Structure formats: structure tokens, C-alpha cells
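Visitor: Just dropping this structure here.
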Amino acid sequence: MTEPQPDLTTEPHNGPATEPPLEPMPTDWQRALAVVAHPDDLEYGCAAAVAGWTDAGREITYVLATRGEAGIDTLEPATCGPLREQEQRASAAVVGVSSVEFLDHKDGVIEYGLRLRRDIAAAIRRHRPELVITLNHRDTWGGVAWNTPDHVAVGRATLDAASDAGNRWIFPELADQGLEPWNGVRWVAVAGSAQPTHAVDATPGLERSVRSLLEHRTYIEALTDEDPETYCRTFLLGNAEATGRRFGGKPAVAFELFSR
Ligand SMILES: [Zn+2]
């Protein structure tokens with residue numbers, strides 16, 4: 001249930017020449033938790049940043065709300081889910097991420113609400129990140145490119161859960177399970193936002209990000225007739241280069257950064 005994200009920085013009505021430069025992402029942190037709806041959400045751009053971060057010895061954990069079981073028209077969910085889980089674990093490993101968790105919400109019909117907020121707050125308490133990463137929570141990718149309800153629900157719940165995780169009296173059952181409050185999230189960084197504020201140099205991780213997206217082979221082969229590697233490379237390099245026009249000319253991954 002993921003559509004490739006359009007190139008956000010070359011909208012004709014809002015060209016790069018008029019847009020302000022993106023600020024460098026903070027670097028004074030050690031642990032990050034990335035929370036997204038589907039397998040492949042982090043591979044459509046974010047993984048290049050993740051590769052650079054794990055190179056620097058930072059710890060990143062992936063949490064996926066679903067197993068992407070409704071993502072391939074020709075595969076029954078019962079077959080598709082385990083396959084996409086496997087592909088997600090392989091693609092995470094390419095960029096140095098070994099911890100991948102699934103919250104088992106239902107692909108395509110994720111509901112924004114207390115259950116989702118609680119599950120994400122629990123993950124934040126378990127992993128105690130300083131940086132939380134998620135995917136575009138806004139209605140569109142920019143212009144009239146409509147976002148999916150799963151991305152909106154998970155992005156929004158993640159922004160909310162960054163605070164929920166720190167409050168003992170919200171979801172008190174979590175403390176009963178041994179998950180003490182964690183009020184140490186300093187930023188939530190939203191990838192794929194049409195209103196980015198910050199960026200990371202993608203150069204060191206760019207090649208691995210191509211291989212990371214390529215690990216979603218079953219999904220990509222169902223999505224396009226193009227050669228999978230050409231498809232991944234064209235998409236990721238094109239986006240990184242476009243973002244780079246607002247980041248000193250270096251290929252880059254953009255985020256909208258919410259400080260706490
Ligand atoms: Zn998705």
C-alpha cells in the first residue's frame with residue numbers, strides 16, 4: 001500500500017529557486033526509532049540517511065505498523081505479509097539496521113486512535129530514542145498528490161506518541177508492563193513532507209539506499225515493468241539530487257523537523 005513519492009522539490013508552482021536552504025539535521029544524538037506504516041516506506045528515500053547514521057555508530061530501530069500484506073494485487077495477504085516482512089528485514093540489514101519490529105495493524109485500514117498511539121508510545125518507551133523518524137503525516141505529498149490514510153494515521157500518531165511516551169498518566173498500563181515513561185525524544189523528523197526544513201547529506205548512503213529499496217523485489221516487480229534496479233536508482237538519485245538543490249548541491253534526504 002505504498003505509492004512512490006513524487007519528487008517534492010520540483011513542483012512547478014514552487015520551484016527550488018524560490019525555496020530557502022534546508023538546515024543540517026541535528027547530530028547530537030545516539031538512538032533513533034523510525035516508525036512507518038509499511039515495508040518500503042523507509043526505503044523510498046530515508047534509508048540513505050540511515051546508512052550514514054549507522055556508519056557513524058548510531059543505533060536505529062525500525063517499527064512498522066503493518067507487514068504490507070495488502071500491497072500486491074496478485075498475492076493473498078496471508079502469503080504477502082510474511083514475504084514482505086522478509087524483504088523489509090533484508091532491506092534494513094543493507095543500511096545497518098538489525099532491529100525491525102511489526103505492530104500488526106491491518107494494512108490499508110490503519111486507524112488513527114488510541115490503540116495506535118499506545119503501540120507507538122510503547123515502542124518509544126522500549127527503545128528510548130532521542131530522534132523519532134516517521135513518514136509524511138500530511139494529506140498530500142504536495143500539490144494535489146493525495147497521501148494514503150495509513151501514512152497520515154501513522155505519521156500523526158507518531159508525532160503524538162512522542163509526547164505520550166513521556167507521560168506516566170497516559171496509557172498507565174504501559175508502566176504496569178514495565179515500560180517506564182521516556183521523555184527523552186528531542187525531535188520528530190518527518191520524511192517525505194512537502195514542507196521540509198532540514199536535510200542530511202545522502203552521499204555516503206546513496207548506493208546502499210538503492211540496494212536497500214531493491215530488496216523489496218517482489219513489491220517492485222509487481223509495481224513496474226521497468227528493470228527493478230533502474231527503477232530504484234532513477235527514483236532515489238533523482239530525488240536526492242532535487243533535494244540537494246536546497247542543500248549546497250549535495251544529494252540529500254529532506255525532513256520536516258519538529259522539536260520537542
Ligand atoms: Zn507506505
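Visitor: Say we join alpha carbon atoms closer than 10 Å with springs in a Gaussian network model of the chain; which of Ala194, Ala145, Ala123 then has the biggest fluctuation?
Guide: Highest fluctuation of the listed residues: Ala145.
Visitor: Sequence-distant or interchain residues sharing an amide H contact under 5 Å with Leu257, placed H: which?
Guide: Result for Leu257 returns Val190, Thr197, His198.
Visitor: A follow-up question, please. Considering the chain as a Gaussian network with a 10 Å cut-off on Cα pairs, which listed residue, Arg246, Arg217, Arg117, attains the greatest mean-square fluctuation?
Guide: Evaluated over the chain, the most mobile residue of the options is Arg217.
Visitor: Of Thr224, Thr140, Thr197, which is the most mobile in a GNM of the chain whose springs link Cα atoms less than 10 angstrom apart?
Guide: Thr224
Visitor: Find which of Ala32, Pro172, Val190 sits farthest along the positive direction of the dipole of the chain, computed with +1 on the beta-carbon of Lys and Arg, -1 on that of Asp and Glu, about the Cα centre.
Guide: Ranked along the dipole, the leading option is Pro172.
Visitor: Can you tell me the dipole magnitude for the range 159-260 around its Cα centre, using point charges on the Cβ only (Lys, Arg +1; Asp, Glu -1), in Debye to the nearest 20? Intermediate results must be reported in sequence, preceding the final value.
Guide: On the way: 10 positive and 15 negative charges, 111 e Å.
Dipole size: approximately 540 debye.
Visitor: Over all distinct alpha-carbon pairs, what is the Kirkwood Rh of the range 43-85 in angstrom?
Guide: The answer is 12.2 Å.
Visitor: Short version: ³J(HN,Hα) in whole Hz for each residue of the range 104-121, in order, from phi by Karplus 6.51 cos²θ - 1.76 cosθ + 1.60 (θ = phi - 60°), x for Gly and Pro, what are they?
Guide: 6, 7, 8, 4, x, 10, 4, 9, 5, x, 5, 5, 5, 4, 5, 4, 6, 4
Visitor: Work out how much length Glu101 to Thr140 would gain on full extension: take 0.36 nm times their residue separation and subtract the Cα-Cα distance, in nm to one decimal.
Guide: On the way: separation 39, 0.36 × 39 = 14.04 nm, distance 2.68 nm.
My answer for the length gained is 11.4 nm.
Visitor: Still on this structure, please answer the following. If you count the DSSP beta bridges with both ends in the range 29-156, what percent of them are antiparallel, to the nearest 5?
Guide: Here the share of antiparallel DSSP bridges comes out near 5 percent.
Visitor: Projected onto the charge dipole of the chain (+1 at Lys/Arg Cβ, -1 at Asp/Glu Cβ, origin at the Cα centre), which of Thr224, Ala122, Phe255 gives the Cα projection farthest towards the positive end?
Guide: Looking along the dipole axis, the top candidate is Ala122.
Visitor: While we're on this one: Let a ≥ b ≥ c be the square roots of the eigenvalues of the Cα gyration tensor of the range 23-259; is it rounded (a/c under 1.5), or, if not, prolate (a/b larger than b/c) or oblate? Don't skip to the answer; put the middle values down first.
Guide: Details: a/c = 1.61, a/b = 1.19, b/c = 1.35.
Judged from the Cα gyration tensor, the range 23-259 comes out oblate (a/c at least 1.5, b/c at or above a/b).
Where a number appears in this text, it was derived from the coordinates with a stated rule and is not lab data. Remember, predicted model here, so these are calculated numbers, not experimental data. For neighbour counting, all protein chains shown are included, and Cβ atoms are generated from backbone atoms with ideal geometry for every residue, glycine included.
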